[in-house]
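Each remark here refers to the structure printed beneath this line.
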Amino acid sequence: MNLSLKEFRAYRGRDGKPAVRGIAVGYCVRGDAWDDPHDRQLGIGKHTHAHSHVSKDDGQYRGWICVREFENLGRKHRVSGTLMHELAHVITGHGHDDVWRRAMTRLGQVVGPAWQKRSRGAQA
Ligand SMILES: [Zn+2]
Ligand SMILES: [Zn+2]
């Protein structure tokens with residue numbers, strides 16, 4: 001089960017503070033055009049629905065999640081699988097590696113075939 005919006009907002013990172021600092025809808029908070037790949041590790045590209053800013057280079061935007069459409073946020077009182085995926089990036093600071101997969105499991109998420117080891121599928 002995905003987190004409720006309230007739980008998602010309150011979810012704490014390793015520093016004990018709420019992990020997600022903000023969500024941008026329809027644009028990238030860093031000001032980059034959505035289709036400009038600016039983070040190869042996270043594979044931001046034109047086919048993704050969302051990405052998150054997790055590195056030191058992201059500065060003030062570290063902990064932000066950007067989604068393409070309002071529909072990517074979720075429905076009713078549950079956040080979307082997309083946001084749960086990005087939360088796992090935000091709390092770990094990792095790309096699609098074992099650390100991230102363990103966080104996904106802790107969050108009760110199924111890691112789909114595109115995100116299993118050795119996959120070279122599209123990333124988000
Ligand atoms: Zn962004
Ligand atoms: Zn991802």
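The values are calculated or read from the model by the stated rules, or taken from the named source; none is laboratory data. Computed from a predicted structure; not experimentally measured. Every residue, glycine among them, receives a Cβ derived from its backbone with ideal geometry; neighbour counts consider all protein chains shown.
Got a number for residues in region 46-97 being over 18 Å from Gly26 (Cα atoms), of a type in the set (S, T, N, Q) and within 11 Å of ligand 2 (Cβ to nearest atom)?
1
May I ask you to say which residue of Asp39, Asp15, Asp35 is more than 16 Å from ligand 2 (Cβ to nearest atom) and modelled with pLDDT under 85? Break it down stepwise before answering.
Working: Asp39 fails: more than 16 Å from ligand 2 (Cβ to nearest atom); Asp15 fails: modelled with pLDDT under 85.
Within the list Asp39, Asp15, Asp35, the selection yields Asp35.
Applying the selection to region 60-94, what residues are farther than 14 Å from Phe8 by Cα and out of contact with any Asp or Glu (no Cβ under 9 Å at 6 or more places or on another chain)?
Answer for region 60-94, where residues must be farther than 14 Å from Phe8 by Cα and out of contact with any Asp or Glu (no Cβ under 9 Å at 6 or more places or on another chain): Gln60, Tyr61, Arg62, Arg68, Glu69, Phe70, Glu71, Asn72, Thr92, Gly93, His94.
Can you name every residue in region 95-124 that is modelled with pLDDT of 85 or more and part of a loop (DSSP other than H, G, I, E, B)?
Hits for region 95-124 are Gly95, His96, Asp97, Leu107, Gly108, Gln109, Val110, Val111, Gly112, Gln116.
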